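The values are calculated or read from the model by the stated rules, or taken from the named source; none is laboratory data. Quick caveat, the model's predicted, so the values are computed rather than measured. Glycine also receives a Cβ, built like all others from the backbone with ideal geometry; neighbour counts cover every protein chain displayed. The area values use the complete protein model at the heavy-atom level, side chains included, leaving out ligands, DNA and RNA. Shrake-Rupley method; radii C 1.70, N 1.55, O 1.52, S 1.80 Å.
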Amino acid sequence: MNPIEVEIEKINDAVLEMIELVKAQLSRSRDSFMNSDEELAHQIIHTETRVNSLELTIDKYCENTIARFSPVATDLRFVVSMLKINSDLERIGDYAESIADYVLNINHKLEKTLMDNVRTDEMFNLAIEMLELIADAYATDNSKKMKKLFAKDKVLNQINKEKSQVIAEYVLANPSTIHDCLYLHSTIKKLERVGDHAKNIAENYIFYSDAKVLKHKK
Amino acid sequence: MIKASTNQWKDQLFRIYGIGATFFGLLILGIFLVGIVIEGFSRLDFQFLSSLPSRLPGKAGILTAWTGSLWIFGLTSITSIPIGIGAAIWLEEYSKKNRLANLLEINISNLAGIPSIIYGILGLEIFVRMMKFGGSLLAGSFTLSLLILPIIIVSTREALKAVPRSIIQASLAMGATRWQTIWLQQLPAASSGIFTGIILSLARAIGETAPLIVIGALAYVPFVAKTPMDEFTVLPMQIFNWVSRPQHGFIVNAAAAILVLLIFVFIMNGIAIYFRYKSSKKVKW
Amino acid sequence: MVNRVMETNKFKIQAKDIHAYYGTHHVIKGIDMDIKPNSVTAFIGPSGCGKSTFLRLINRMNDYIEGFTKTGDILLDDKNIYASNVQVEQLRKEVGMVFQKPNPFPKSIFENVTYGLKIQGITNKSDLEETAERSLRQAALWEEVKDDLKKSALALSGGQQQRLCIARTLAVEPSVILMDEPASALDPISTAKIEELIFELKEKYTIIIVTHNMQQASRVSDRTAFFYMGELIEYGKTKQIFLNPKKEKTENYISGRFG
């Protein structure tokens, strides 16, 4: 085996682990938020340190590969994409943690009708589905699957756009809930950002794998 | 272990053999030199160098012989050097590497190994008889030129070959013509090698007797040659003549003349060694 | 009409369907290539792929090789360099060459750098001195050698010798410079200097460089040509070749996964 392939394999495995980890964090943040589960929220915050250390590990692997092997062509695109994908994943991890943090700060359980009206659950699910798509496409090296992700991002953006109006109306009617509603507002915003980062990940992945597609066309 | 010690033992044995072989040659040469010096050194004086040949050993000298040798040296140089170098350049640089060139190459190498007496016969036929030079300096030096041409050509070619191709390529790539490259780069770089070859072959020419006897050089020439068409003798002829006489005085004369000839040849070899040393020191490619 | 004129002047060198043979050995198999002026083009490929042979076709250095034949044309400024009226010496003044191993003449620095003028019959001392200084400056060597111009070129370091060889080539003011692995025998610092030099010389010259060093090709060249078994596999912008090669062979070669 070519020595650079050992390094590429290491990066590949670590990124795969990172995707799974971040996906799990996000999915737990949904459970925690929807059920106001503070115990789970603490666990998420605790696990965030693992996300951070994994991010550093991937960075280190990538730097090492660049410094020692001067990758070119597919290898170069892989390392560059993984560096970017890595930081996107880390941000998604951050958002999961932020949401967990909000769970701990919310005073009273938010009303179910409000939650439904801003489509909170749908939003969480979409974001998690995007990460599942990434995990699946990445593991099977399938850039076509990655492309499915863009439609979901559009829905997320739409929900995000509508949320302010819905929340504002609710707050006008129930001014005492303003504190908690702000957290809801922020959570939706975070989930929209998760969508943006997921989209970046897909784009970077396609940048890496695109040459392969062209190559097979030859 | 046994194997290793046997090998070491063999190595030692070979070393001793090598030393023995070397000193055997040196010893013989040493004995010869000492003998010559004891015999002839006292006879070496100005009178010996400046006298014409004589029937009396005490009055005889080598004036005609060494001037003849000098004439031969000069004339042979003038004819053989330009022709030899020219031929070598053509063969090395211009001729296509085809069958004709191969044939020429093999023949030239063979010519270098032909006994000198054959050249004498060739010279006799061409220069003495056909061109009617008679037994003159010109016929002699032409014959000797023929004799040493193959050596000059071969050694010049070797010297040219030793010039790195990279230098030649550099010169050509600069837009130099083949001739400019040869004249400005190859010949200067090969000069010490070429000089070495020339001097060694001239030293050989100086010592030759056989071909000169064949073309009719005389042992007794009572005058110093003035033109290339004059009859002549050379040192080796004089020596040959003297050693074949019965009187002891002539043997002494011969020994002294041998000393002169040896000194001459040693000086030339010295010059050749100097050039070789210079070439090995000058350029580190 | 204006457009047509622009079109014909667009390329400095054009190779049209070049085939080359050593005896019966087919070493270049139909190469077409256009090279723009004031650019650096890198030729890469495994040993024996024909890149050096192709390079030497451009200044006709293959002419002397026994049994070498070629078909197809090479145009320099739209003129066929293999036309019968072309003087090969004149061509080589126009297309200079720097070799793999530094090969200064065993003469002084000054004599080396003015050799090209000398063979053209220029002997005017001030002309020679002027050219020597100009080309040594261009080759970034002047400051290092200006006080020892009479010293033997062989006393210089390898890197300095190679820059001297470049200066020697620049002295005759060529428009194209061919470099056959110019830094392969040099240490990294000398290599960096040569590469810097190539970058600067691009302003005035069209440079073609053969190299086995992938990083070097990617650092110095604008376009890269990948040769394999006598064929031009891929020729494109260096950035594209090194980031996104179109052919699998190219990818395998540049990423060191050949064979």
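Going by what's in this entry, would B:THR209 be described as within 29 Å of B:GLN238 (Cβ to Cβ) and of a type in the set (S, T, N, Q)? So B:THR209 fits the description; yes.
Do you know which residues across segment C:223-252 are within 14 Å of another protein chain (Cβ to nearest Cβ), closer than 20 Å to C:ALA20 by Cβ and acidic (Asp, Glu)?
Within segment C:223-252, the first condition is being within 14 Å of another protein chain (Cβ to nearest Cβ), and the residues that meet it are C:224, C:226, C:233-234, C:236-252.
Among the residues that remain, those that are also closer than 20 Å to C:ALA20 by Cβ are: C:226, C:233-234.
Passing the criteria: only C:GLU234.
Give me the pairs: first residue in segment C:88-106 and facing another protein chain (nearest Cβ under 7 Å) and within 14 Å of C:SER190 (Cβ to Cβ), second residue of a type in the set (A, V, I, L, M, F, W, C) and part of a loop (DSSP other than H, G, I, E, B), beta-carbon distance under 6 Å, and six or more apart or on different chains, which are they? Close Cβ pairs satisfying both conditions: C:LYS101/C:ALA185.
There is at least one residue in segment C:19-26 that is open to solvent by 60 Å² or more (accessible area, probe 1.4 Å), of a type outside the set (Lys, Arg) and within 14 Å of chain B (Cβ to nearest Cβ). In segment B:13-33, is there at least one residue being open to solvent by 90 Å² or more (accessible area, probe 1.4 Å) and touching a helix residue (DSSP H, G or I) at 6+ places or on another chain (Cβ under 8 Å)? No, because not a single residue in segment B:13-33 is open to solvent by 90 Å² or more (accessible area, probe 1.4 Å) and touching a helix residue (DSSP H, G or I) at 6+ places or on another chain (Cβ under 8 Å). Taking segment B:136-229 as the region of interest, the helices (runs of 4 or more DSSP H) fully inside it that hold 1 or more residues being open to solvent by less than 30 Å² (accessible area, probe 1.4 Å) and modelled with pLDDT under 90 are B:137-161, B:187-207, B:210-215. C:ALA139 meets the conditions (1) touching a Ser or Thr at 6+ places or on another chain (Cβ under 8 Å); (2) among the aliphatic types (A, V, I, L, M); (3) under 23 Å from C:GLU196 (Cα atoms) in every case but one. The failed one is (1). Of the set (1) surrounded by 23 or more Cβ atoms within 10 Å (Cβ to Cβ); (2) not in a helix (DSSP H, G or I), all apply to C:TYR253 but (2). Scanning segment C:107-128 for residues that are surrounded by 18 or more Cβ atoms within 10 Å (Cβ to Cβ) and more than 13 Å from every other protein chain (Cβ to nearest Cβ) yields C:ILE109, C:PHE110, C:LEU128. B:TRP183 fulfils the conditions (1) in contact (Cβ under 8 Å) with a residue 12 or more places away in the chain; (2) closer than 22 Å to B:ILE78 by Cβ except for a single criterion, (1).
Tell me, yes or no, whether segment A:182-192 has at least one residue that is open to solvent by less than 50 Å² (accessible area, probe 1.4 Å), over 21 Å from A:GLU38 (Cβ atoms) and modelled with pLDDT of 90 or more. Scanning segment A:182-192, I find at least one residue that is open to solvent by less than 50 Å² (accessible area, probe 1.4 Å), over 21 Å from A:GLU38 (Cβ atoms) and modelled with pLDDT of 90 or more, so the answer is yes. Would you confirm, using the coordinates I've provided, whether A:GLU203 is part of a helix (DSSP H, G or I) and surrounded by 15 or more Cβ atoms within 10 Å (Cβ to Cβ)? When the stated conditions are applied, A:GLU203 passes them. A search for C-beta distances below 8 Å between a residue of segment B:152-167 that is away from chain C (no Cβ under 14 Å) and any residue that is modelled with pLDDT under 90 and not in a helix (DSSP H, G or I), counting only pairs 6+ apart in sequence or on different chains, returns B:VAL154/B:ALA112. Candidates are the residues of segment C:160-172 that are more than 10 Å from every other protein chain (Cβ to nearest Cβ) and in contact (Cβ under 8 Å) with a residue 40 or more places away in the chain; the one that is most open to solvent (accessible area, probe 1.4 Å) is C:GLN161.
Taking (1) basic (Lys, Arg); (2) on the phi < 0 side of the Ramachandran plot; (3) within 14 Å of chain B (Cβ to nearest Cβ) in turn, C:ARG60 satisfies each apart from (2).
With respect to the conditions (1) modelled with pLDDT of 90 or more; (2) over 18 Å from C:ASN38 (Cβ atoms); (3) open to solvent by 20 Å² or more (accessible area, probe 1.4 Å); (4) outside any loop (DSSP other than H, G, I, E, B), C:HIS212 lacks only one, and its number is (4).
Considering A:ASP75, A:ASP59, which residue is of a type outside the set (Gly, Ala, Ser), assigned to a helix (DSSP H, G or I) and open to solvent by less than 20 Å² (accessible area, probe 1.4 Å)? Break it down into steps so the answer makes sense when it comes.
On the way: A:ASP59 fails: open to solvent by less than 20 Å² (accessible area, probe 1.4 Å).
Answer to the check: A:ASP75.
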